[in-house]
Number of protein chains: 2
Amino acid sequence: MFVTSLDKVEKSTPPMPGARGVTKQVPISAGEGTPNFCFRVFTIEPGGNTPFHSHPFEHLNYVISGKGLLMAENSQYAIQSGDFALVLPGEKHQYRNPSGNCEAMVIICAVPNDYE
Amino acid sequence: MFVTSLDKVEKSTPPMPGARGVTKQVPISAGEGTPNFCFRVFTIEPGGNTPFHSHPFEHLNYVISGKGLLMAENSQYAIQSGDFALVLPGEKHQYRNPSGNCEAMVIICAVPNDYE
């Protein structure tokens, strides 16, 4: 059993080409013994975004705080604190925090261990 | 891609022997196409608890709001809004919201699809 909070978890800048204003934390990883999937947290500053990309694994998201956009190939979803999102394997996607916002958007991004 | 929030997700009383004051929602399930694992949400009212039990799968938790206790076999963890918890397969555990609290404890409880 293991309990933590974001203030105890190291923050890094993920080496993702095309990302801007994004930091990453991994509160629950294979290192803690989780056998199948893990919880990462991305903080996206106003004006920031993750890459517009796809990959062969899914994202399960929960928006902890802030608001922004989840961009898809031909559509976009406004997301905000309290929302859940699912991005399926192979779906092109991007998380954006528009520059007009005044708060970081903080999201849980759960993925299978093999992809963390 | 799929976006939702708890106010759009049906609430049920889970048929868990030993549970008191607990309701369940499943914002992201296999029904939405998640290939490996899903997000359930449990709301535990003050004075409520999940069963003290174990099972052959893990829980990955995030405390959305409220506070309470995560009980283990020989220890307990105070948990509150913003905390993350990992319960490993086979670990005996219980989530409790003590009756002195004035707010429900709402937690994400992510598990492999096979166990939802």
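The values are calculated or read from the model by the stated rules, or taken from the named source; none is laboratory data. Small disclaimer: the values here were computed from a predicted structure and weren't measured. Please note: Cβ atoms are built from the backbone with ideal geometry, for glycine as well, and neighbour counts cover all protein chains shown. For the accessible areas, the whole protein counts, side chains as well, though only heavy atoms, and no ligand, DNA or RNA atoms are used. Shrake-Rupley method; radii C 1.70, N 1.55, O 1.52, S 1.80 Å.
Backbone amide hydrogens, once placed in the peptide plane, bring residue A:83 within less than 5 Å of A:63, excluding anything fewer than 5 places away on its chain. Each copy carries residue A:20; placing its label point 7 Å along the C-beta direction from Cα gives inter-copy distances of 5.5 nm, listed from smallest up.
Under the definition of Cα pairs under 8 Å and six or more residues apart, what whole-number percent is the relative contact order of chain B? Mind showing how you got there, number by number?
Values: 293 pairs, mean separation 34.8, N = 116.
With pairs under 8 Å counted, the relative contact order is 30 percent.
Springs join every pair of Cα atoms under 10 Å in this Gaussian network model of chain A, and among A:86, A:70, A:60 the largest mean-square fluctuation is at A:86.
Here residue B:11 is the anchor, and the lysines within straight C-alpha reach of less than 29 Å, apart from those fewer than 8 places off in the same chain, are A:67, B:24, B:67, B:92. Chain B holds its axis-closest Cβ, relative to the rotation onto A, at the residue and whole-Å distance B:37, 2. Evaluating 6.51 cos²θ - 1.76 cosθ + 1.60 at θ = phi - 60° for every residue in segment B:99-106, the Karplus couplings come out as 5, x, 6, 10, 10, 5, 9, 10 Hz, glycine and proline recorded as x. Here the Karplus curve 6.51 cos²θ - 1.76 cosθ + 1.60, taken at θ = phi - 60°, turns the phi angles of segment B:38-47 into couplings of 9, 10, 9, 10, 10, 10, 10, 6, x, x Hz, with x standing for Gly and Pro.
Of A:71, A:105, A:16, the residue with the greatest mean-square motion in the GNM of chain A, using alpha carbon springs below 10 Å, is A:16. A label point on residue B:5, set 7 Å along the Cα-to-Cβ line, lies at 2.5 nm from each of its counterparts in the other copies, closest listed first. State, as an integer percentage, the relative contact order of segment A:54-116 based on alpha-carbon contacts under 8 Å between residues 6 or more apart. This gives 46 percent for segment A:54-116. Distances between copies at residue B:102, taken between label points 7 Å from Cα along the C-beta direction, are 2.8 nm in increasing order. If the label point is 7 Å along Cα→Cβ of residue A:13, which residues in segment A:20-49 have backbone nitrogen under 12 Å from it? Once the point is set 7 Å along Cα→Cβ of residue A:13, A:20-24 turn out to lie under 12 Å by backbone N, inside segment A:20-49. Take each residue in B:5-15, count the other chain C-beta atoms within 10 Å of its C-beta, and the mean is 1.
Rg to Rh for the protein assembly as shown: what is it, with Cα atoms only and Rh by Kirkwood? Working shown, then result.
Values: Rg = 17.2 Å, Rh = 17.9 Å.
Radius of gyration relative to Kirkwood radius: 0.96.
For residue A:79, the accessible surface of its heavy atoms amounts to roughly 10 Å² (probe 1.4 Å, protein chains only, rounded to the nearest 10). Structure remark: mean-square fluctuation, Gaussian network model of chain B, C-alpha springs under 10 Å; the largest value among B:98, B:46, B:14 belongs to B:14.
Shielding by partners for peptide B:77-89, expressed as the average number of C-beta atoms from other protein chains within 10 Å of each residue's C-beta, is 5. Computed with a 1.4 Å probe over protein heavy atoms only, the accessible area of residue A:96 comes to about 100 Å².
Among the protein heavy atoms, those of residue A:114 account for about 140 Å² of accessible surface (1.4 Å probe, every chain in place). Measuring between their Cα centroids, segment A:13-86 and segment B:77-108 lie 24 Å from each other. Other protein chain C-beta atoms within 10 Å of residue C-beta, averaged over B:34-42: 5. Accessible surface ranking for A:4, A:23, 1.4 angstrom probe, highest first: A:23, A:4. Close amide H pairs (under 5 Å, H built 1.01 Å from N) link residue B:91 with B:55, residues at least 5 positions away or on another chain. Phi angles of segment A:52-63 translate, via the Karplus equation with coefficients 6.51, -1.76, 1.60 and θ = phi - 60°, into HN-Hα couplings of 8, 8, 9, 7, x, 9, 8, 10, 10, 10, 9, 8 Hz per residue; Gly and Pro are given as x.
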